[in-house]
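K.L.:
My questions will all concern the structure given below.
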Amino acid sequence: MLGLAIAYLRDRGLTTSLNVLLLGISVAMLVLLVQLGSQLSSRLDRDAQGIDLVVGAKGSPLQLILSSIFHIDQPTGNIPLDSLDMLRKNPAVKAAIPLALGDNFNGYRIVGTDPSYVSFYGIKIAQGRMFDKPMDAVLGAAVARTTGAQIGQQFVGSHGLETEDGDGQEHDHAPFETVGILAPTGTVADRLIFTSVESVWDVHGIVHDHRDHEETEDGHDHPGDHETDDPGLAAHEGLQPELTAILVSYRNAAGAIRIPAMINRQTEMQAATPAVETARLLALFGAGIDGARIFAWILAATGGLAIFIALLNMARAREADLALLRVMGASKAQVFGTILLEGLITAAAGAVFGIAAAHMTLFVASRSFQTLGDLGLSATQFLPAEIGIITAVLLIGIVAALIPAARIFRINLATTLARTS
C-alpha cells in the first residue's frame, strides 16, 4: 500500500508539491519562533547569571543592560571612577566589576575590566594567562577561533564598538598583546576581548594615576600608568579616568532594596536591574512571537485543508480505481489505509522540509546579522518542542485524509464498475 500511495502522490506531483510547500512554510515559522524564544531566553539567563544590578550613566535602563551585560547596544555614557569605590565599600555589595568600553577589534568588543570579571563567571584560561598589566589582552574562544590569534600576537583596536568595512579609526600607537585565550563558555564572553581598564584609558590618551585603580576586589594589583610611545598622541587634558558601567552582585537581600534607591535618588547615575529589564524585553519579544505563532498555526491548518481538498477530489476521480482494487482482493481497510498514507506522507514531507528550512535559516541569519551572531544562535540545537510540532502536523495530515478515505466504505462496487465500463 505504501508504494501505491507514493505512486498516487507522484501522479499529482504539482498539487503534492504545493501542499508540502504550504505545510513546510508553517512548520519552518513555528520552529523558528520556538528556537528564537528558547535560545534568546536561555542566552539572556546565562549572560546575566549572578549580576544583580548594573550601574551606569542616566538613560534607558534597557540600553544599559544590553550594552553592559549582553554587549549588543551602545552604552548610555560614562560614570565617575570613584563610583566604583563607593559601591565596593557598601557592606551590602558582594562584588563590583568595572567596565570600560569604546573600542573593538574586527567587530569584537574590547572590554576594559579586571580579573574579577573572569573569576566571577568561573571562566577558565585555555591557553596563556590572565592579563596583569596594561595592554595585555585575553581573547574569548570565538574571537581566537575566527581571528586565528595566537599567544604573543599583537593587534590594534579600532575606535567604536563596531567596525563596518574596516572604516574604524585604528589606535596604532597602542597595540595590544595577546597573553591568554579563554575556554569556550557558551556565553557572551566567547565574543569579547578582555583587558585592564587602564589599557582603555591609555589607548585614548587619558592620564591616570594607577593608585586610583590599583587593587581590585579579588586582591589583584594592576600596575601602572602606561604612557604611550607615540609623541604625536598627547594626553587629553581635562579628561578624567571614567568607567562605562559597573556590574554589581549583592551580599544579601537588603542590597536589592537600598542600593538601587540610593543610586537613582542620590547620584547622577542610574541603577538597572537585569532581571526586570530582560523580563520586559522578553515580554515585548514574546508578544510578537505569540502573534506570529498564531499565524503559523493558521497557515498549518490551511495546509491541512489543502490536503483534504486534494485527497477528496482524488477519491472522487479515482472511485473506479479504488473499486478495482477491491475486486482484485484489497480489503476496505487496505484501501482506506492507502488514502490515509497519502495524507500522512504529504504532512511528513512538509514537516521535514520545514524543519530543514528553519535550521538553515538560523544558520544563514546568525552569520549574516551581527546581532544574531552575538546572541549565539545555534542552528544545530534541536528542541523537544519541535517533536510536538512534527506530531501536530502529522495529525493534521491524517485528519485531512479521514473524510476522503471514508468514501471507500460508501462505494458500490457493481455500480461503480458498470458506470466506467
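Throughout, read-outs are computed from the coordinates displayed, never taken from laboratory work. Remember, it's a predicted structure, so these values are computed and weren't measured experimentally. Note that each Cβ is placed from the backbone with ideal geometry, even for glycine, and that neighbours are counted across all protein chains shown.
K.L.:
Residue 10 to residue 381: FRET efficiency via 1/(1 + (r/R0)^6), r the Cβ-Cβ distance, R0 56 Å, to the nearest 0.05?
P.N.:
Once the sixth-power term is evaluated, E becomes 0.95.
K.L.:
Order these peptides, 103-109, 173-179, by their mean beta-carbon neighbour count within 10 angstrom, highest first.
P.N.:
103-109, 173-179
K.L.:
Across region 9-20, in residue order, what do the Karplus-derived ³J(HN,Hα) couplings come to in whole Hz, using 6.51 cos²θ - 1.76 cosθ + 1.60 with θ = phi - 60° and x for Gly and Pro?
P.N.:
5, 5, 5, 10, x, 5, 4, 4, 4, 5, 5, 4
K.L.:
Using label points projected 7 Å from each Cα along Cα→Cβ, tell me how many nm separate residue 301 and residue 284, to one decimal.
P.N.:
Placing both labels 7 Å along Cα→Cβ, they lie 3.1 nm apart.
K.L.:
Between residue 154 and residue 395, what FRET efficiency follows from the Cβ-Cβ distance if R0 is 45 Å, with the result rounded to 0.05?
P.N.:
Computed FRET efficiency for residue 154 and residue 395: 0.15.
K.L.:
Okay, moving on. Would you pull out the residues with amide H under 5 Å of residue 103's amide H, same chain only if 5 or more places away, H placed 1.01 Å from N?
P.N.:
Distant-sequence amide H within range of residue 103: 110, 160.
K.L.:
Then there's this: If we sort 289-300, 79-90, 240-251 on the protection proxy, mean other Cβ atoms within 10 Å, highest first, what's the order?
P.N.:
In decreasing order of mean packing, 289-300, 79-90, 240-251 become 240-251, 79-90, 289-300.
K.L.:
Residue 173 to residue 132: extension gain in nm, 0.36 nm per residue of separation minus the Cα-Cα distance?
P.N.:
12.7 nm
K.L.:
Once the piece of chain linking residue 60 and residue 119 is laid out straight, how much longer is it, given 0.36 nm per residue of separation minus the C-alpha distance between them?
P.N.:
18.4 nm
K.L.:
Something else: Can you work out ³J(HN,Hα) from phi for every residue in region 22-31, in order, using Karplus 6.51 cos²θ - 1.76 cosθ + 1.60 and θ = phi - 60°, giving whole Hz and x for Gly and Pro?
P.N.:
Computed from phi, the couplings for region 22-31 are 5, 5, x, 5, 5, 5, 4, 4, 5, 5 Hz.
K.L.:
A further question follows. Would you mind putting 140-147, 340-347 in packing order, based on average other-beta-carbon counts within 10 Å, highest first?
P.N.:
340-347, 140-147
K.L.:
Quickly work out the residue 89-to-residue 309 label distance, labels modelled 7 Å from Cα along the C-beta direction, and quote it in nm with one decimal.
P.N.:
Placing both labels 7 Å along Cα→Cβ, they lie 7.6 nm apart.
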